[in-house]
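The values are calculated or read from the model by the stated rules, or taken from the named source; none is laboratory data. Small disclaimer: the values here were computed from a predicted structure and weren't measured. No Cβ is skipped: glycine too gets one built from the backbone with ideal geometry, and neighbour counts run over all protein chains shown.
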Amino acid sequence: MNSEATLVSHVLPNRTLVRDIGLVIFGVLFTALAAQCSLPWQPVPFTLQTLAVTVCGLTYGARLAAATQVSYVLAGAAGLPIFAEFSGGPAKLMGPTGGYLVAFVMAAWLLGWATERGWTKNVWGLGIGLVISNVVILAVGATWLSFFIPSGQAWNLGVAPFISGAFAKSVIAWGMLPAAWKLVKR
């Protein structure tokens, strides 16, 4: 593992507990803000949360990105109105969208893991990491969703409508990361 491969380690090289807590808080707020950028859709709204999850994974590394998303999920489950449409509470975590929220932790960790190993420093590794993280979010989310909707509808309501958005957000992240590295290396 090479934590020096993360963007955060180059911008804030002195790792301290205060730094890490600050980054987690920033990541939670960023994810919460992205959650409010939503279009209503049932049973799962379209949001920019997955972009925030992706950015955390690509810049923080595995442990810090996962800790950020765990903190986001726990804060929302505790009742803070930080999930989509200013919602929160345990019912959201246990409801139709709960699988997507849990998958955020997995996807953030996965992209952080890939980043620490240098995969995301080349265009193909970055692309593969983004595809895999989106597949994880959609697969885990739709699997959980299938317990709440009629059989066979999880794909139609919880995956298919989100593929183009996942692709667009991945393209944004794909463009942002190399640009961020160029700025950091100046």
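For the stretch 12-37, taking the residues that are out of contact with any Phe, Trp or Tyr (no Cβ under 6 Å at 6 or more places or on another chain) and among the small types (Gly, Ala, Ser), the one that is farthest from Pro81 (Cα to Cα) is identified as Gly22. Pro40 falls short on exactly one of the conditions (1) modelled with pLDDT of 95 or more; (2) under 22 Å from Ala168 (Cα atoms), and that condition is (1). The condition of being closer than 25 Å to Ala91 by Cβ and either surrounded by 17 or more Cβ atoms within 10 Å (Cβ to Cβ) or not acidic (Asp, Glu) (or both) holds for only one of Trp144, Trp109, Trp174, Trp181, that being Trp144.
Yes or no, residue by residue, for (1) touching a residue at least 60 places away in the same chain (Cβ under 8 Å); (2) in a loop (DSSP other than H, G, I, E, B); (3) closer than 22 Å to Ile149 by Cα:
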residue: Val18; (1), (2), (3): no, no, no
residue: Gly22; (1), (2), (3): no, no, no
residue: Val28; (1), (2), (3): no, no, no
residue: Thr31; (1), (2), (3): yes, no, no
residue: Ala34; (1), (2), (3): no, no, no
residue: Val44; (1), (2), (3): yes, yes, yes
residue: Thr50; (1), (2), (3): yes, no, no
residue: Tyr72; (1), (2), (3): no, no, no
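Taking every residue in the stretch 147-167 that is over 18 Å from Leu51 (Cα atoms) and pairing it with any residue that is part of a helix (DSSP H, G or I), at least 6 positions away or on another chain, the pairs with Cβ-Cβ distances below 7 Å are Ile149/Leu157; Ala154/Ala142; Ala154/Leu145; Trp155/Ala142. Residues that are of a type in the set (A, V, I, L, M, F, W, C) and not in a helix (DSSP H, G or I) within the stretch 92-112 are absent altogether. Val131 meets the stated requirement of being surrounded by fewer than 17 Cβ atoms within 10 Å (Cβ to Cβ), part of a helix (DSSP H, G or I), modelled with pLDDT under 95 and within 15 Å of the chain's Cα centre (by Cα).
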